[in-house]
1. With in contact (Cβ under 8 Å) with a residue 24 or more places away in the chain and touching a Pro at 6+ places or on another chain (Cβ under 9 Å) as the only criterion, which of 31, 51 stands out?
2. Please work out which residue is nearest to residue 95 (Cα to Cα), limiting yourself to the stretch 28-44 and to residues that are over 19 Å from the mean Cα position of the chain (by Cα), open to solvent by 20 Å² or more (accessible area, probe 1.4 Å) and hydrophobic (A, V, I, L, M, F, W, C).
3. Pull up the stretch 45-67, narrow it to residues that are open to solvent by 20 Å² or more (accessible area, probe 1.4 Å) and among the small types (Gly, Ala, Ser), then point me to the one that is nearest to residue 91 (Cα to Cα).
4. So residue 180 clears everything in (1) surrounded by fewer than 18 Cβ atoms within 10 Å (Cβ to Cβ); (2) under 15 Å from residue 16 (Cα atoms) except one condition, right? Which one?
5. Here are some conditions: (1) under 27 Å from residue 110 (Cβ atoms); (2) within 20 Å of the chain's Cα centre (by Cα). Residue 231 meets all but one. Which one does it not meet?
6. List the number of the failed condition for residue 70; all other conditions in (1) over 23 Å from residue 110 (Cα atoms); (2) within 14 Å of the chain's Cα centre (by Cα) hold.
7. Which residue out of 128, 102 is over 15 Å from the mean Cα position of the chain (by Cα), of a type in the set (A, V, I, L, M) and open to solvent by 50 Å² or more (accessible area, probe 1.4 Å)?
8. I'd like to know if the stretch 1-11 contains one or more residues that are open to solvent by less than 30 Å² (accessible area, probe 1.4 Å) and either of a type in the set (D, E, K, R) or in a helix (DSSP H, G or I) (or both).
Amino acid sequence: MTPVVSADSVRFTDLLWDASKAIHTAIEELEFLRLLGAGTLPLDAFRRYLEQDSLYLGGYVKSLSLLAAHAPTPAAGAFWASAAASAMDEVASHETMLTGGALPPSTQTPAPSPACLGYTSYLTATAATEPYPVAAAAVLPCFWIYADVGRSLARAAREVLDRDPEHPYAQWVATYDAPEFHDIVDAAKNFVDDAAAAATSAQREQMIDAFLVASRYELMFWDSALHPTPWPLTESAVYA
């Protein structure tokens, strides 16, 4: 059981980050991210990542839209709705990369991996059934961890581009550290802090749990691009 903490003494989002320190440290050490930044990730793994991220973002848009509908203030609702629209723009960016000819063609229609489906299902269910503060905490890791990872990835990708300006995906990775996105992350953290300030002690405890679960899904999702976990019996299923 996660201990109940106070949102009064320090920023609640700092408590969330501290509680998940072991998880985002493990994310930083993932082989997938190391190879992605170095420009040595196999192209089929990069394609798999983009395909799964596009599927994930489709589910993330639903959870953000539900969160916007349940937001306690017009400003919060407008922010989460705008974040949902931005996620759809990112899907379009993925599609451009997938169809631009730099990556090997796909031979199958992408289907959500276990990590992708588990993550999106968790976020959508949380946004639909849990109190607003808990749902806001659940969607935050996608913003925050992506931005945290992006700093080192973008720096490494720029070094790759210095050596190989025609690298098939380094230019795309170099955009991970866009200042505009960090502004959005800061705003998301502020709205979660506001939610924590208005929440009950029990809800703040749930917020920590939700942030940790979503952070673990982040770890699983990133790793699954290089080390996919196939669905069981997908090749030998028997249909009645």
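The values are calculated or read from the model by the stated rules, or taken from the named source; none is laboratory data. Just so we're clear, the structure is a prediction, and the values are computed from it rather than from any experiment. Here Cβ is always computed from backbone atoms with ideal geometry, including for glycine, and neighbour counts include all displayed protein chains. Keep in mind that these areas ignore ligands, DNA and RNA; they rest on the heavy atoms of the full protein, side chains included. Shrake-Rupley method; radii C 1.70, N 1.55, O 1.52, S 1.80 Å.
1. Working: 31 fails: touching a Pro at 6+ places or on another chain (Cβ under 9 Å).
Sole residue among the options that is in contact (Cβ under 8 Å) with a residue 24 or more places away in the chain and touching a Pro at 6+ places or on another chain (Cβ under 9 Å): 51.
2. Here the answer is 43.
3. Taking the stretch 45-67 first, the residues open to solvent by 20 Å² or more (accessible area, probe 1.4 Å) are 47-48, 51-52, 54-55, 58, 61-62, 65-66.
From what's left, among the small types (Gly, Ala, Ser): 54, 58, 65.
Values: 54: 5, 58: 8, 65: 16 Å.
Checked the stretch 45-67; the qualifying residue nearest to residue 91 (Cα to Cα) is 54.
4. Every condition holds for residue 180 apart from (2).
5. (2)
6. Every condition holds for residue 70 apart from (2).
7. On the way: 102 fails: open to solvent by 50 Å² or more (accessible area, probe 1.4 Å).
Unique residue meeting the criteria: 128.
8. Within the stretch 1-11 (the criterion being open to solvent by less than 30 Å² (accessible area, probe 1.4 Å) and either of a type in the set (D, E, K, R) or in a helix (DSSP H, G or I) (or both)), the answer is no, since none of the residues qualifies.
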